[in-house]
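> Sharing a structure below in structure tokens format, with a few things to ask.
The values are calculated or read from the model by the stated rules, or taken from the named source; none is laboratory data. Source: prediction; values computed, not measured. Positions of Cβ are generated from backbone atoms using ideal geometry, with glycine treated the same way; all protein chains shown enter the neighbour counts. Accessible surface is based on the protein model in full, side chains and every heavy atom, while ligands, DNA and RNA are left aside. Shrake-Rupley method; radii C 1.70, N 1.55, O 1.52, S 1.80 Å.
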Amino acid sequence: QNTKRLHNPCLPRMQTRKRTNPKQKPQTGTIKMSKSWYTIHTDGGMNNQTAYWAFIIKNPDHSILEKKAGRIPITEKTTINRMEMIAAIMALRRVPKNSLINLNSDSQYLIFTLTQNWKRRANHDLWNLLEDAIRSHQAVSLNWIPREQNSECDLLARNAKIPGTTNGTNNHSISPDV
């Protein structure tokens, strides 16, 4: 049986601690991190008229750091997968740099392309932005969750307002031509 061991390049590899006493045996394994983890839920989608995205970021104490959602007009480039990626990029950019993050998404495309080396046939521009956002943190754990476990973020995305309206949002830094 040919098994291949996969490593997620977004997560730290096994590390060895530096010995302070040369006679002490080396300690190997994952370094226990004293900082706590932020939790992110993301979602993206589209209907016949607009595309939408959302994210929910929780502080390490589980309080809400930020909830944000938006809609953009559909272009020929717009896909559900692109909206899922935009939600993740935008959320990762909102968490303080060098943080520990659990990112949860119901998008198999988003999570499995990064963790199981699915082939990247499209969206290379967003993959580059996503990898930059991931690299800006100490560690990012990428988790696929069933849609039912992402219902709060899904509802937030579906209820997003159209940019340019009085109660909409249009302050994202990713081009609307997505």
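> I need the full set of residues from the range 54-65 which are surrounded by 14 or more Cβ atoms within 10 Å (Cβ to Cβ), assigned to a strand (DSSP E or B) and either β-branched (Val, Ile, Thr) or more than 14 Å from the chain's Cα centre (by Cα) (or both), in order please.
Ile56, Ile57, Leu65
> Something else: In the range 70-83, how many residues are open to solvent by less than 40 Å² (accessible area, probe 1.4 Å) and either of a type outside the set (Ser, Thr, Tyr) or modelled with pLDDT of 90 or more (or both)?
5
> Return only the number of the condition from (1) open to solvent by 10 Å² or more (accessible area, probe 1.4 Å); (2) in a helix (DSSP H, G or I); (3) not aliphatic (A, V, I, L, M) that Thr113 does not satisfy.
Among (1) open to solvent by 10 Å² or more (accessible area, probe 1.4 Å); (2) in a helix (DSSP H, G or I); (3) not aliphatic (A, V, I, L, M), the lone unmet condition for Thr113 is (1).
> What's the total number of residues in the range 116-144 that are modelled with pLDDT of 90 or more, in a loop (DSSP other than H, G, I, E, B) and either out of contact with any Lys or Arg (no Cβ under 9 Å at 6 or more places or on another chain) or open to solvent by 50 Å² or more (accessible area, probe 1.4 Å) (or both)?
Of the residues in that region, 1 qualify.
> Does the range 93-109 contain any residue that is crowded, with 18+ Cβ neighbours inside 10 Å, hydroxyl-bearing (Ser, Thr, Tyr), in a strand (DSSP E or B) and touching a strand residue (DSSP E or B) at 6+ places or on another chain (Cβ under 9 Å)?
Checking the range 93-109: at least one residue is crowded, with 18+ Cβ neighbours inside 10 Å, hydroxyl-bearing (Ser, Thr, Tyr), in a strand (DSSP E or B) and touching a strand residue (DSSP E or B) at 6+ places or on another chain (Cβ under 9 Å).
> Does Glu152 satisfy the criteria of being open to solvent by 80 Å² or more (accessible area, probe 1.4 Å), assigned to a helix (DSSP H, G or I) and closer than 20 Å to Trp37 by Cβ?
Yes: the conditions hold for Glu152.
> Of Ile40, Ile86, which residue is over 20 Å from Gln149 (Cβ atoms), surrounded by 24 or more Cβ atoms within 10 Å (Cβ to Cβ) and touching a residue at least 60 places away in the same chain (Cβ under 8 Å)? Show your work before the answer.
Numbers: Ile40 fails: over 20 Å from Gln149 (Cβ atoms).
The unique qualifying residue is Ile86.
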